Amino acid sequence: MAANRTFSIIKPDATRRNLTGAVTKMLEDAGLRVVASKRIKMTREQAEGFYAVHKERPFFDDLVAFMTSGPVVVQVLEGEDAVKRNRDIMGATNPENAEEGTIRKTYAESIEANSVHGSDSDENAATEIAFFFKPEEIVG
Ligand code: RTP
Ligand code: MG
């Protein structure tokens, strides 16, 4: 598959523990290139908008509270088969089910405080990238 892009968030549990570099190294070692990156504090409106697909889920309010509890690092990652490559290195949502060597197995604290987000399809990647970045902020 041709090189393409995905969207990643280093979540508040990871920035709090000063793991931005460690997580980014795992992404880079997996063959992904950081082509845009910024550290932000998500507003409640941003978090609710970003996770709108989960609005009816029981964990929605907790998730919004968690994602606004501290800084996050939003990134655009580029590489061959980027969406799948990123999901593979992230590991399962629940770190108890994540494989050895994945980011979540290595660093996640819980099913919610699971250190990273990654887009789950090319279509969602495009939407999520546009949610946080202007085209000129992405340098491939
Ligand atoms: P993400 O969107 O963050 O990459 O994670 P994912 O696809 O593996 O998981 P998803 O089902 O999309 O859930 C989004 C995020 O919500 C939190 N979550 N909490 N308490 C719970 O049962 C629960 N389930 C999910 C996690 O932070 C998850 O990454
Ligand atoms: Mg998801």
Check whether at least one residue in segment 90-112 is farther than 20 Å from Arg16 by Cβ and in contact (Cβ under 8 Å) with a residue 24 or more places away in the chain, and report yes or no.
no
Assuming Arg87 fulfils every condition listed in (1) within 15 Å of ligand 2 (Cβ to nearest atom); (2) touching a residue at least 60 places away in the same chain (Cβ under 8 Å); (3) in a helix (DSSP H, G or I); (4) not aliphatic (A, V, I, L, M) apart from one, which condition is it?
(2)
Can you report the number of residues in segment 78-91 which are β-branched (Val, Ile, Thr) and open to solvent by less than 20 Å² (accessible area, probe 1.4 Å)?
1
Pairs needed: first member in segment 55-70, part of a helix (DSSP H, G or I) and surrounded by 12 or more Cβ atoms within 10 Å (Cβ to Cβ); second member anywhere, of a type in the set (A, V, I, L, M) and modelled with pLDDT of 95 or more; C-beta distance under 6 Å; at least 6 residues apart or different chains.
Val64/Ala47; Met67/Met42; Met67/Ala47
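Of the residues Asn94, Asn114, only one is surrounded by 18 or more Cβ atoms within 10 Å (Cβ to Cβ), near ligand 1 (Cβ under 10 Å from one of its atoms) and of a type outside the set (A, V, I, L, M, F, W, C); which?
On the way: Asn94 fails: surrounded by 18 or more Cβ atoms within 10 Å (Cβ to Cβ).
Checking each option against the conditions leaves just Asn114.
Here is a yes/no grid of residues against (1) more than 15 Å from ligand 2 (Cβ to nearest atom); (2) over 11 Å from the mean Cα position of the chain (by Cα); (3) under 16 Å from Asp29 (Cβ atoms):
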residue	(1), (2), (3)
Asp61	yes, yes, no
Ala92	no, yes, no
Glu96	yes, yes, no
Gly101	yes, yes, yes
Lys134	yes, yes, no
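Output the residues belonging to segment 117-128 that are assigned to a helix (DSSP H, G or I) and either within 13 Å of ligand 1 (Cβ to nearest atom) or within 11 Å of the chain's Cα centre (by Cα) (or both).
Of the residues in segment 117-128, the ones assigned to a helix (DSSP H, G or I) are 122-128.
Within segment 117-128, Asn124, Ala125, Thr127, Glu128 meet the criteria.
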Lys38, sole failed condition from (1) surrounded by fewer than 18 Cβ atoms within 10 Å (Cβ to Cβ); (2) under 20 Å from Tyr107 (Cβ atoms)
(2)
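The values are calculated or read from the model by the stated rules, or taken from the named source; none is laboratory data. Everything numeric here is computed off the predicted structure, so don't read it as measured data. As a convention, Cβ positions derive from the backbone with ideal geometry for all residues, glycine included, and neighbour counts pool all protein chains shown. Heads up: the accessible areas ignore ligands, DNA and RNA and are worked out on the full protein's heavy atoms, side chains in. Shrake-Rupley method; radii C 1.70, N 1.55, O 1.52, S 1.80 Å.
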